[in-house]
Amino acid sequence: MMTAMKKLIVAFTVICASASPIAQGPGRGGRGPAQGVQPIQQVKPGLYVVAGAGANSLVRVTSAGVILMDTKLPGDQNYNDLMTQIKSVTEQPVKFVIVTHHHADHTGNDAKFLEAGAQVIGHENLKRNLETYQNNPLPAPPSITYPGADYLVKLGGVEVQVHHYGRSHTSGDSIVYYPDLKVVALSDAVTTGTTGPLIDYAGSAGGGSALEWKQVLARVMALDFDAAIPGNGPVLTKADVQAYKTKFDTMIDRATALVRSGVPKEQLLMQLKTDDLGWTPRVPNIEAFYNELSGIATGKAYKLEKIADGVFYATATGSMVTGSNNVAIVGDRDVLVVDTGTSPAAARAFIEDLKLVTTKPIRYVVNTHFHYDHTDGNQVYAGKADIIAHDYVKYGCIASRTRRRS
């Protein structure tokens with residue numbers, strides 16, 4: 001006998017197939033604008049998915065209102081049709097909207113939900129990415145941002161967890177988990193399950209990462225779920241997600257091996273074996289992809305070279321006076337930085353360039369000694385990170401600053 005979950009997957013697949021896919025639209029990760037809003041489908045009691053007109057939208061119904069995930073491509077028609085589908089299962093108003101990254105197929109109607117009184121929630125990096133995102137109309141920024149790894153939405157006795165496990169499709173991706181229903185929403189960390197990953201580097205407007213993507217999928221698999229909602233397409237099982245992760249890891253390992261063997265970046269994708277995977281990676285910026293796999297990221301002020309797993313050595317590019325070289329040690333949830341440079345400007349530049357390799361917050365700073373070219377950036381971190389040094393470093397900093405003022 002067919003289980004309820006299998007029936008859902010079959011029904012949802014039929015709906016997705018009935019709306020013929022077209023070329024990738026302005027949202028970058030999903031389908032183009034010609035596919036309209038599709039009929040709402042129940043995933044589990046109290047949780048529904050609405051496909052079409054951009055990314056999958058999830059509707060969590062509670063006794064106190066609706067928690068919506070993603071708002072589709074912009075337009076009155078898409079907004080009105082989405083609201084029609086929501087109202088077909090509940091009269092409760094939409095109180096919260098979770099947006100999973102900044103692309104317009106996920107955020108297109110945020111402004112309309114804000115105008116209607118909902119709170120829109122997104123990662124801090126999503127809001128930052130919107131500042132340089134090229135799209136017309138530009139999606140409205142979220143009204144609530146979370147800077148770290150986790151955010152919890154509570155409404156009507158229901159809890160929805162929002163997790164930023166690192167960079168994958170973009171630097172501002174959120175994974176949304178419904179623990180009481182054992183359902184996870186993946187956004188474009190898994191676009192369909194049968195589509196190659198789109199790594200949106202795009203400088204500060206994307207900030208995606210192939211290597212961190214592996215960690216994101218590993219964290220997803222650690223969750224307790226039996227149904228997964230991809231960015232587009234039908235519901236997946238946990239086994240489907242594991243299969244995708246295995247293929248993704250294989251692709252990255254093969255590409256990394258090619259880079260380390262000296263294959264030129266112009267030939268990397270041509271030599272990358274993918275015929276046994278069923279898809280090829282979508283890499284608009286091959287230079288950024290190649291540099292990441294080689295362990296080198298070049299920012300405006302610093303070049304960051306990966307010298308060990310999670311350890312990056314930062315040297316100056318010559319665009320500004322930075323003072324000391326820096327080291328960043330990236331842990332599971334936060335970062336330790338060694339030395340802070342010759343000025344607050346150098347420290348701020350390092351923090352900005354560090355986002356090329358991680359979006360995790362800096363929690364600890366270690367000063368190796370008191371000379372100003374290693375410590376004058378400390379003031380940028382004060383109150384935001386724990387600054388650690390020997391007592392003599394503290395006394396030396398005080399004495400040095402006293403001499404410079406006199």
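Right, VAL160: within 18 Å of the chain's Cα centre (by Cα), assigned to a strand (DSSP E or B) and touching a residue at least 60 places away in the same chain (Cβ under 8 Å) or not?
Taking the combined requirement at face value, the residue satisfies it.
Which of (1) outside any loop (DSSP other than H, G, I, E, B); (2) under 26 Å from the mean Cα position of the chain (by Cα); (3) polar (S, T, N, Q) is the odd one out, the single condition GLN35 does not satisfy?
Only one criterion is unmet by GLN35, namely (1).
Considering only residues that are crowded, with 24+ Cβ neighbours inside 10 Å and in contact with a Gly (Cβ under 6 Å, 6 or more places away or on another chain), look in region 72-101 and name the one that is nearest to TYR178 (Cα to Cα).
Among those residues, the one meeting the criterion is VAL99.
Inspect region 257-276 for any residue being buried (at least 22 other Cβ atoms within 10 Å of the Cβ) and among the aliphatic types (A, V, I, L, M) and give the result as yes or no.
No, region 257-276 contains no residue that is buried (at least 22 other Cβ atoms within 10 Å of the Cβ) and among the aliphatic types (A, V, I, L, M).
As an exercise: evaluate LEU217 against (1) closer than 23 Å to LEU277 by Cα; (2) outside any helix (DSSP H, G or I) and give the number of the one condition it does not meet.
Going through the list (1) closer than 23 Å to LEU277 by Cα; (2) outside any helix (DSSP H, G or I), LEU217 breaks only (2).
A quick yes/no check of all residues on (1) without any contact (Cβ under 8 Å) to a residue 60 or more places away in the chain; (2) within 11 Å of ARG167 (Cβ to Cβ):
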| position | (1), (2) |
| --- | --- |
| SER187 | no, no |
| VAL190 | yes, no |
| LEU198 | no, no |
| GLY207 | no, yes |
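Return the residues of region 45-70 that are more than 26 Å from the chain's Cα centre (by Cα), assigned to a strand (DSSP E or B) and not hydroxyl-bearing (Ser, Thr, Tyr); say none if nothing qualifies.
GLY65
When region 138-158 is examined, which residues are found to be farther than 23 Å from VAL335 by Cα, crowded, with 16+ Cβ neighbours inside 10 Å and touching a Phe, Trp or Tyr at 6+ places or on another chain (Cβ under 9 Å)?
PRO139, ALA140, VAL153, LEU155, VAL158
Going by what's in this entry, would GLY193 be described as crowded, with 24+ Cβ neighbours inside 10 Å and either of a type in the set (Val, Ile, Thr) or closer than 20 Å to ALA55 by Cβ (or both)?
no
Do any residues in region 119-136 that are in the same structural domain as ALA104 (by TED's automatic domain parsing) have Cβ atoms under 6 Å from those of residues that are assigned to a helix (DSSP H, G or I) and of a type outside the set (A, V, I, L, M), where the two are at least six apart or on different chains, and which pairs are they?
Going by the 6 Å Cβ cut-off, the qualifying pairs are VAL120/ASP110; THR132/SER204.
With THR71, THR3, THR62 as the choices, which residue is at pLDDT 95 or above and farther than 28 Å from THR170 by Cβ?
Just one listed residue meets the conditions, THR62.
From the list GLY233, GLY262, which one is more than 17 Å from ASP200 (Cβ to Cβ), in a loop (DSSP other than H, G, I, E, B) and free of Cβ contacts under 8 Å to residues at least 24 places away in the same chain?
Residue meeting the stated conditions: GLY262.
Could you count how many residues in region 73-87 are closer than 16 Å to GLU115 by Cα and either in contact with a helix residue (DSSP H, G or I) (Cβ under 7 Å, 6 or more places away or on another chain) or not assigned by TED's automatic domain parsing to the domain that holds ASN109 (or both)?
Residues meeting the conditions: 2.
Only one of ASP386, ASP353, ASP376 is more than 24 Å from the chain's Cα centre (by Cα) and in contact (Cβ under 8 Å) with a residue 40 or more places away in the chain; which?
ASP376
Restricting attention to region 236-258, report how many residues are free of Cβ contacts under 8 Å to residues at least 12 places away in the same chain and of a type in the set (D, E, K, R).
Residues meeting the conditions: 1.
Which one is surrounded by the fewest Cβ atoms within 10 Å (Cβ to Cβ) among residues in region 288-334 that are within 22 Å of ALA345 (Cα to Cα) and free of Cβ contacts under 8 Å to residues at least 12 places away in the same chain?
GLY318
The values are calculated or read from the model by the stated rules, or taken from the named source; none is laboratory data. Note that the structure is a prediction, hence the values are computed from the model and not measured. Here the Cβ is made from the backbone with ideal geometry for all residues, glycine too, and neighbour counts use every protein chain on show.
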